[in-house]
Amino acid sequence: MNGFSRRRVLRGMLDGGAITVGLPLLNSFLNGNGTAFANGAPLPVRFGLWSWGLGMSRSAFVPKKTGKDFEFPEEIESLAPLRDHINVLTNFTAFRDSEPLKGHITGWIISRTGAPPNGNNLTGETYDITIANQISRTRRFKTLTANAAASARVSFSYEDANTPNPAEYSPLQFYARLFGPEFNDPNAQDFKPSPRAMSRKSALSAVMEEMEWINKRVGAEDRARLDQYFTGLRHLEKQFDQQLTKPEPIAACHPPVSPKDSEMKLGNESPLVAQRNKMMTDLLAMAVACDQTRVINMAYADMLSNTIKPGYEKPHHTTTHEEPIDEKLGYQPNCSWFTRRCMEGFAYFVQAFANIKEGDGTLLDNMLIVADTDHGDARIHSLEDMPVLTAGRAGGKFKTGLHVDMKAAPLSRIAYTALRTMGVDVQKFGEKSNQTSDVISEILV
């Protein structure tokens, strides 16, 4: 067994006391079956994903005119005041190739990974994590994931095929995590490094010698696995370094007041979902403004949304499949009502970042936000005619105020465009019919 077993841990000394760091599961343990800051640095560009479930009603969502000066149809009219900050991209296609359609799973997985699910599982990390590893791994939080659905399981951010990032869903708990005792206010006169961060960082440093010892005694596959593991630990050390260094002042950073217990009502009634969306949005916006993270992921509701309309007996998902199309309107009126509430939620999300002054512009100017969904027409589980919204100018790299008809192009093009915009050096994104090397040039400067 090369001198160690699956119970082996990395050991070191810290301030006269022994510390230990566990190891990942190795093959060796298995059988054969197994603008500028104050210091002159440029303002960073941040990235966000925002999702809503159950698509849209084409005739009430898609503008009739492309380019600038388009009119906002009923389902997205709440976005009209934000015209200069957003783009409306319509008529994408998510290709499932030979894979079976997995209801409300296939569309969002293709959107986030560029490939249909293998069974019910992703084939790799979601692209927000790829971006986070590029631009946010030295922040206090590499990424932050939240939702308004009051469930930790509603997350569309995955570190790998089997590891979702659990979502924050309680505004009170999220506040404590972001702005509790371990938060270092960049504008505070006194700087007091967190003792917890100090001990964690020292613990990792203390086991480096043992890391090298083990690395020399395992096979090639385990060395690769250890390298990945230790790379993650080094990323953590960089995060701890950031927490142990007095931050530069940030004028936009104003820690919010803690939410009240009376505002913590759970439930799937539409007004409660809307209220939680606002509270989680405000916390995310200030976390970004205070440079605690540079990548965020927010979900308004699950893709199988059970949001309830007051006075109506069926939740959103059931309504998409059971409500008849109104002959005069040409769409399902109650389904459309739910979509309009989602778009109001996105409008609030975008406006929250636009309200924060940063440099000679706003925080939104230095962001790229992508909003996606699981279907075009959820009534028939359509992966055609899928919409995407973007917000922000990505530090001057994005145009805004446009409606672009994507003419059935792969949905993966938005992810590839985002990856390239955020500085990730990838030559392609997606697999088979979803594979693309084309950015959406219409919205790039």
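From the list Q275, Q292, Q351, which one is under 15 Å from the mean Cα position of the chain (by Cα) and within 27 Å of R177 (Cβ to Cβ)? The unique qualifying residue is Q292. Modelled with pLDDT of 95 or more and surrounded by 24 or more Cβ atoms within 10 Å (Cβ to Cβ) - does that describe any residue in segment 260-272? No, segment 260-272 contains no residue that is modelled with pLDDT of 95 or more and surrounded by 24 or more Cβ atoms within 10 Å (Cβ to Cβ). The residues of segment 327-338 that are surrounded by 13 or more Cβ atoms within 10 Å (Cβ to Cβ) and either over 14 Å from F61 (Cβ atoms) or of a type in the set (A, V, I, L, M) (or both), listed by number, are L329, N334. Annotation: of all residues in segment 357-403 being assigned to a loop (DSSP other than H, G, I, E, B) and modelled with pLDDT under 95, the one that is farthest from S136 (Cα to Cα) is D360.
Within the group H321, H317, which residue is assigned to a helix (DSSP H, G or I) and surrounded by fewer than 16 Cβ atoms within 10 Å (Cβ to Cβ)?
Values: H317 fails: surrounded by fewer than 16 Cβ atoms within 10 Å (Cβ to Cβ).
Just one listed residue meets the conditions, H321.
For segment 79-98, the criterion of being at pLDDT below 95 and not aliphatic (A, V, I, L, M) is satisfied by at least one residue. Among the residues of segment 328-385, just one is of a type in the set (V, I, T) and touching a His at 6+ places or on another chain (Cβ under 7 Å), namely V350.
The values are calculated or read from the model by the stated rules, or taken from the named source; none is laboratory data. Computed from a predicted structure; not experimentally measured. In this analysis, Cβ positions are derived from the backbone assuming ideal geometry, glycine residues included, and neighbour counts consider all displayed protein chains.
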